[in-house]
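Here is the structure we will look at.
The values are calculated or read from the model by the stated rules, or taken from the named source; none is laboratory data. None of the values given here were measured: they were computed from a predicted structure. Note: ideal-geometry Cβ built from the backbone for every residue, glycine included; neighbour counts use all protein chains shown. Accessible surface areas use protein heavy atoms only, side chains included; no ligands, DNA or RNA. Shrake-Rupley method; radii C 1.70, N 1.55, O 1.52, S 1.80 Å.
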Amino acid sequence: MMGEANHSPPDHEGWGDPVRAPLVERVAAWSIRHRARVVVGWLVLVVLAVASSGLIPGDDARAHDPGESGQAQQVIRDQESYEPALENVLIQARDAGGPAFADSPALRAAATDLVATLNGTPGAVQGLRSPLDTAEQISEDARSGLVSFFVAGPNDQMTEHYNAAATAVDAVAARHLDVRIVQAGDRSLNDAVDDSIQEDFQRAETFSLPITAVILLVVFGSLVAASVPLLLAGTTMLAAFGLMTTVGKWIPVNSAASSMILLIGVAVGTDYSLFYLRREREERAAGRDLEQALRIAARTSGRAVVVSGLTVMLCLSGLLFTGLDNFRGLTVGTAMVVGLAVVGSVTALPATLSLLGSRIERARVPWLGRRRTTARESRAWSAVARTVVRRPLLWGGIATLTLVVLTLPASGIRLQDAGPINSLPRDVAAVDGAIRMQEAFPGAPAPAKVVIWGNVTDPALAEAIDNLRSRVAASDGLLAEPLSVTRVDNAMLVRLPLAGEGTDPLSNEALELLRGEVLPATVGQVPGVEYAVSGKTAFAFDFTERVRDTMPLVFGSVLVLSFVLLGVAFRSLAIPLVSILLNLLSVGAACGVLTWVFQDGNLESLLGFTSYGGVVGWLPLFMFVLLFGLSMDYHIFVLSRIREHWSGGAGARTAIVEGVGTSAGVVTSAAVIMTAVFSVFVVLNSIEYKMLGVGMAVAILIDATLVRGVLLPAAMAMLGDRAWRMPGRGPRDRRPSASPTTPPRQAPAATGVPARGDGRDRRESDQHSYPAARLIHSAPARLGTGRGARLETGQPRPEPPDTPERQRI
């Protein structure tokens, strides 16, 4: 229903009938009339949302892993005692060609000291094994030894015991500087990852707001104007996180999801405010008073914001079809922040702008303030669009071919999560230790976890585990020692190293061997016993399989919902079809660039990563859903401007050029903000978030330039007036007199324009044509000859296809 306000005839004030005005405009008008009440109400809503986070007691909801790994996880969680963390300490010579462990007094002395020190920590460790006791703890090349231990309970003392053990390891390493002593295991690797993620997102959150503020300052040239989007985005984020804390009692939301929601919220909140504020400025520059400008902004940009927000929320809802808790929390949180941003943009924002009035232009920045006060059409983008619509097939074909070439690398994409040694850079101590441990003892840093429950006291189970050791030895290196066994109340946990780096094809092959052959032939033969395999390899495998299985359903739901929403919004079948195809091209190109960079290992030194030969399994699906929603911001905004001009009487190609030109400034600014926000991910440590940042930034750049400037104008030019028709119906009614950008009526004495009945209707020329708009505001006497001028009857002047104006287009 975008642009429907164009069909409402003006009243004597130049306004649409309040009864027939669109809902968004009526809401904005009410907010303007009760501006103080609305602003206070918005702040009260924010305070209540924040306060709600402390009203509901209890622990936050916990995520459940998918598949068999989730079943194993739940069995362990059902036990009263916690799963004891397994920690490993690698002891080896610092020189690559150092002596064998058994022949090195220094290595053996370090191992003896470490064992004695760990045993000297009261009750901190249990199940300690060392290379001094068994050959299983010595590497295949005989140069490294491995000391393994479990962090002892009870539950409330595990953290204290882990810290005591880690301190003991550090103390021994300090006493034996000639020997490499590094620790890596369940708790140490998890802590390293968690600390890195928190540090990364604190850095991202610190950078994103200042970057956004600087861009807004450049866009508006005024400190007051630039602060309005930031204040709306900030209050939106406060309310959203307050509500998310409450919802988190039932829906799990992890820290990584929270940080991503924050950055998405900042980008979306500032973009929505930017759309609205720039349109209000444009209308005021055209001679409207403040209230008129705000209502027109609500009727046009406000409606675009509502449709864009609904599109983002509906697209994100497709992730719910995966059934993954990680996506569920992210989806609900993002939908919440986008929904609040939409509500604030059509209520609190117009009320705030009404309160500020002309004061919004205060505190102008030198050299920017005066130039940025008015919103202008972009000559560059208008020229590009004019060139494209002259030969749409040629330029559209070139742009399509370019995106197809960028998409080609994605045909060989390998979905593979980053393993524990691939995710973070090697300068993280635990990661460096895990890499060295992986080289000496493959699979030891992140072993598979076989959870066994049922009749675990049956002597036959002990015999089955002995048989399991025999099968490990006969697995051709896919399964490895050392094997560790521990009890967790009524369950038994067997840790078993797998070949490979944890998530690569070799590790998956080892996992399938363990699940499909080895365990059924050993533990599976014991009556009354059940088992399931978890661990980092199993989780990544099950997660990726779930994503692959549900991907068609997610894609289909997003495409169908987008098609229906755009079809209803524009009352057209061609518009949603074109929009979907263009979005698919931009998403495909982004995935192609992502594959070329991260899977193929290009730009490693520039971006600071080491390729592991794959792309994170969840990322293409997440990017598809998120980009499909976010790119609609620009797409809908540009289409709505094109439709405004077309509905105002402009020809199809003229409307395209002017729609692209008049929307270019705000769309470019919004795209720069969103690209800058997501580019912050590139400087983070984790390779997963570097991928997300590159993929999102590239897709937004493609969408805001190649798609918006070339492909969309080309497609719309080839469709012509057919773009705005429903099949089986005639051309849509076009009443330019209702154009929302028509300038306000002024007294004849002030303008020199005849009163109604004396050619007054001629002033209703096509304001969507920026040359005509200049003529109206600079030289009223030329109204009768300008492009899009009206005859005395008030109807648009006929414009045959072969006029000079048409030839220029």
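Considering every residue within the range 186-201, establish whether at least one is open to solvent by less than 10 Å² (accessible area, probe 1.4 Å) and over 23 Å from residue 437 (Cα atoms).
Looking through the range 186-201, at least one residue is open to solvent by less than 10 Å² (accessible area, probe 1.4 Å) and over 23 Å from residue 437 (Cα atoms).
Within the range 65-81, track down each residue that is at pLDDT below 90 and either farther than 30 Å from residue 514 by Cα or open to solvent by 90 Å² or more (accessible area, probe 1.4 Å) (or both).
Within the range 65-81, just 80 meets the criteria.
For the range 459-483, give me each residue that is touching a residue at least 12 places away in the same chain (Cβ under 8 Å), open to solvent by 40 Å² or more (accessible area, probe 1.4 Å) and in a loop (DSSP other than H, G, I, E, B).
If the condition is that a residue be touching a residue at least 12 places away in the same chain (Cβ under 8 Å), open to solvent by 40 Å² or more (accessible area, probe 1.4 Å) and in a loop (DSSP other than H, G, I, E, B), then 477, 481 are the ones that fit.
Yes or no, residue by residue, for (1) under 38 Å from the mean Cα position of the chain (by Cα); (2) more than 20 Å from residue 431 (Cα to Cα):
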| position | (1), (2) |
| --- | --- |
| 153 | no, yes |
| 164 | no, yes |
| 168 | no, no |
| 176 | no, yes |
| 181 | no, no |
| 190 | yes, no |
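Hey, could you check the range 484-505 for residues that are assigned to a strand (DSSP E or B) and out of contact with any strand residue (DSSP E or B) (no Cβ under 7 Å at 6 or more places or on another chain) and say which is least open to solvent (accessible area, probe 1.4 Å)?
488
Does residue 430 count as touching a residue at least 12 places away in the same chain (Cβ under 8 Å), in contact with a Ser or Thr (Cβ under 6 Å, 6 or more places away or on another chain) and open to solvent by less than 20 Å² (accessible area, probe 1.4 Å)?
Considered against the rule, which asks whether it is touching a residue at least 12 places away in the same chain (Cβ under 8 Å), in contact with a Ser or Thr (Cβ under 6 Å, 6 or more places away or on another chain) and open to solvent by less than 20 Å² (accessible area, probe 1.4 Å), residue 430 comes out as yes.
Any residue in the range 42-71 that is touching a residue at least 60 places away in the same chain (Cβ under 8 Å) and over 23 Å from residue 340 (Cα atoms) sitting within a Cβ distance under 6 Å of a residue that is hydroxyl-bearing (Ser, Thr, Tyr) and open to solvent by less than 50 Å² (accessible area, probe 1.4 Å)? List the pairs, counting only those 6 or more apart or interchain.
These pairs meet every condition: 69/534.
If I ask for residues that are within 30 Å of residue 613 (Cβ to Cβ) and either free of Cβ contacts under 8 Å to residues at least 12 places away in the same chain or not in a helix (DSSP H, G or I) (or both), which ones from the range 642-693 would you list?
Once the filter is applied, which keeps residues that are within 30 Å of residue 613 (Cβ to Cβ) and either free of Cβ contacts under 8 Å to residues at least 12 places away in the same chain or not in a helix (DSSP H, G or I) (or both), the range 642-693 yields 684, 685, 686.
Is it the case, given these coordinates, that residue 420 is open to solvent by 40 Å² or more (accessible area, probe 1.4 Å) and either out of contact with any strand residue (DSSP E or B) (no Cβ under 7 Å at 6 or more places or on another chain) or in contact (Cβ under 8 Å) with a residue 40 or more places away in the chain (or both)?
no
Name the pairs: first residue in the range 560-571 and at positive phi, second residue part of a helix (DSSP H, G or I), Cβ to Cβ under 8 Å, at least 6 apart or on different chains?
That search, which allows pairs on different chains as well, returns 571/724.
Step by step: first the residues of the range 674-690, then only those that are within 11 Å of the chain's Cα centre (by Cα) and of a type outside the set (Ser, Thr, Tyr), then the one that is surrounded by the fewest Cβ atoms within 10 Å (Cβ to Cβ). Which residue is that?
681
Where the second residue is open to solvent by 40 Å² or more (accessible area, probe 1.4 Å) and assigned to a strand (DSSP E or B) and the first is free of Cβ contacts under 8 Å to residues at least 40 places away in the same chain and under 14 Å from residue 72 (Cβ atoms) and lies in the range 521-543, which pairs have Cβ atoms under 9 Å and are six or more apart or on separate chains?
From the range 521-543, no pairs qualify.
What residue, among those in the range 28-64 that are open to solvent by less than 70 Å² (accessible area, probe 1.4 Å) and outside any helix (DSSP H, G or I), is farthest from residue 354 (Cα to Cα)?
Looking at residues that are open to solvent by less than 70 Å² (accessible area, probe 1.4 Å) and outside any helix (DSSP H, G or I), I get 63.
Just wondering, is there one or more residues in the range 225-234 that are at pLDDT below 90, assigned to a helix (DSSP H, G or I) and among the polar types (S, T, N, Q)?
yes
Can you tell me which residue within the range 119-128, out of those that are open to solvent by less than 70 Å² (accessible area, probe 1.4 Å) and in contact (Cβ under 8 Å) with a residue 24 or more places away in the chain, is farthest from the chain's Cα centre (by Cα)?
Checking each candidate, the answer is 120.
Just give me the residues in the range 89-118 being open to solvent by 10 Å² or more (accessible area, probe 1.4 Å), touching a strand residue (DSSP E or B) at 6+ places or on another chain (Cβ under 7 Å) and in a helix (DSSP H, G or I), in sequence order.
Those that are open to solvent by 10 Å² or more (accessible area, probe 1.4 Å), touching a strand residue (DSSP E or B) at 6+ places or on another chain (Cβ under 7 Å) and in a helix (DSSP H, G or I): 106, 115.
Check whether at least one residue in the range 389-412 is assigned to a loop (DSSP other than H, G, I, E, B) and either open to solvent by less than 50 Å² (accessible area, probe 1.4 Å) or aliphatic (A, V, I, L, M) (or both), and report yes or no.
Checked the range 389-412: no residue is assigned to a loop (DSSP other than H, G, I, E, B) and either open to solvent by less than 50 Å² (accessible area, probe 1.4 Å) or aliphatic (A, V, I, L, M) (or both).
Restricting to the range 251-267, give me the number of residues that are of a type outside the set (Ser, Thr, Tyr) and either outside any helix (DSSP H, G or I) or open to solvent by 10 Å² or more (accessible area, probe 1.4 Å) (or both).
7
Among the listed residues 318, 339, 333, identify the single one that is open to solvent by 10 Å² or more (accessible area, probe 1.4 Å) and under 16 Å from the mean Cα position of the chain (by Cα).
339
Looking at (1) farther than 22 Å from residue 416 by Cβ; (2) part of a loop (DSSP other than H, G, I, E, B), can you tell me which one residue 639 breaks?
(2) is the only condition that residue 639 fails.
So which residues in the range 586-617 are open to solvent by 40 Å² or more (accessible area, probe 1.4 Å) and in contact (Cβ under 8 Å) with a residue 12 or more places away in the chain, if there are any at all?
Answer for the range 586-617, where residues must be open to solvent by 40 Å² or more (accessible area, probe 1.4 Å) and in contact (Cβ under 8 Å) with a residue 12 or more places away in the chain: 596, 600, 608, 610.
Could you check residue 220 against (1) in contact (Cβ under 8 Å) with a residue 40 or more places away in the chain; (2) open to solvent by 20 Å² or more (accessible area, probe 1.4 Å) and say which number it fails?
For residue 220, the exception is condition (2).
Filter the range 129-148 for residues that are among the polar types (S, T, N, Q), in contact (Cβ under 8 Å) with a residue 40 or more places away in the chain and either open to solvent by 50 Å² or more (accessible area, probe 1.4 Å) or in contact with a helix residue (DSSP H, G or I) (Cβ under 8 Å, 6 or more places away or on another chain) (or both) and give the result.
139, 144, 148
Looking at the range 7-26, is at least one residue at pLDDT 85 or above and touching a Phe, Trp or Tyr at 6+ places or on another chain (Cβ under 7 Å)?
Within the range 7-26 (the criterion being at pLDDT 85 or above and touching a Phe, Trp or Tyr at 6+ places or on another chain (Cβ under 7 Å)), the answer is no, since none of the residues qualifies.
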